[in-house]
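Following: one structure in structure tokens, then a few remarks.
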Amino acid sequence: MKKALLIFVSVLVISLTVPRAAYAADVEYAVISDACILYADEAKTERIVTLPASYFVAVTKECDDAYAVEFTDLKGFVDKERVSRVDYTPMYKFPAVAKTVVSNDSNTVTLRSSPSHVEQNTVGKRRDGEEVTYYGPITGSSQIPALGNTWYYVKTDDGKFGYVYSLYAEPYEFPQNDLSPLVVPSSAPPKSHISLEGEGKYVLIASLCIPVLLLFFLLLKDSRKNKSE
């Protein structure tokens, strides 16, 4: 019986040593400073949009002089000098979904894949008065020199991303964000840091069942042995 218990304890310890892949790393955040641009590439050559200051990006990878980040439903890279990493989970990470309306005196508005009117980059035409999701501004070509070179990065209801010239939409003013950390009520049970995805959960279930089955087998074996004696 002592031998059976010893085997049971040994197997249980081994089975509970879950591979590190089954544990989810804590997400790290960085607060956005002024003039922080989200780039499509690590080399920071292809600009996407200027991110709103005082909000956060989720840092997914650290590169030489940039961070790979996520911001709402966008992914890209930011200059390390334009964000400041924090050691807490923010209460308010990203801004609420912002909306703006495209308008062109009853004419359609051109949605482009880059902030330029001189390239063959038309994504589609949007109807006058259509509401789109607004992410922020970026500089590009001056379609009308007197109006400047500002474009807005937007997403349509059917999921198309693109740019509209500033003449055809109003910018959204993001409010100043609250930088306070997320406070977990003391009465709440501690949050588990184990995240089981895919095959990980089945591995853990199987590893927990093995010791029980082994102990049952050994006890049954000892019982039969005692009866035969």
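Listing for the model above:
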item	result
Residue selected from region 161-178 under the condition part of a loop (DSSP other than H, G, I, E, B) and within 22 Å of the chain's Cα centre (by Cα), by the criterion nearest to residue 139 (Cα to Cα)	174
Counted residues, region 96-108 - those being in contact (Cβ under 8 Å) with a residue 60 or more places away in the chain and surrounded by 12 or more Cβ atoms within 10 Å (Cβ to Cβ)	6
Qualifying residue in region 130-148 (condition: part of a loop (DSSP other than H, G, I, E, B) and within 17 Å of residue 48 (Cβ to Cβ))	no
Criterion (touching a residue at least 24 places away in the same chain (Cβ under 8 Å) and either exposed (fewer than 15 other Cβ atoms within 10 Å of the Cβ) or closer than 28 Å to residue 41 by Cβ (or both)) met by exactly one of 80, 61, 93	93
Verdict on residue 158 being farther than 23 Å from residue 95 by Cβ, part of a loop (DSSP other than H, G, I, E, B) and among the acidic types (Asp, Glu)	no
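Here's the yes/no breakdown for (1) at pLDDT below 95; (2) in contact with a Pro (Cβ under 7 Å, 6 or more places away or on another chain); (3) within 30 Å of residue 145 (Cα to Cα); (4) assigned to a strand (DSSP E or B):
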position	(1), (2), (3), (4)
44	no, no, yes, no
50	no, yes, yes, yes
61	no, no, no, yes
75	no, no, no, yes
84	no, no, no, yes
94	no, no, no, no
104	no, no, yes, no
107	no, no, yes, no
116	no, no, yes, no
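The values are calculated or read from the model by the stated rules, or taken from the named source; none is laboratory data. Model, not experiment: these values are computed from the prediction. Glycine gets a Cβ as well: all are built from the backbone with ideal geometry, and neighbour counts include every protein chain shown.
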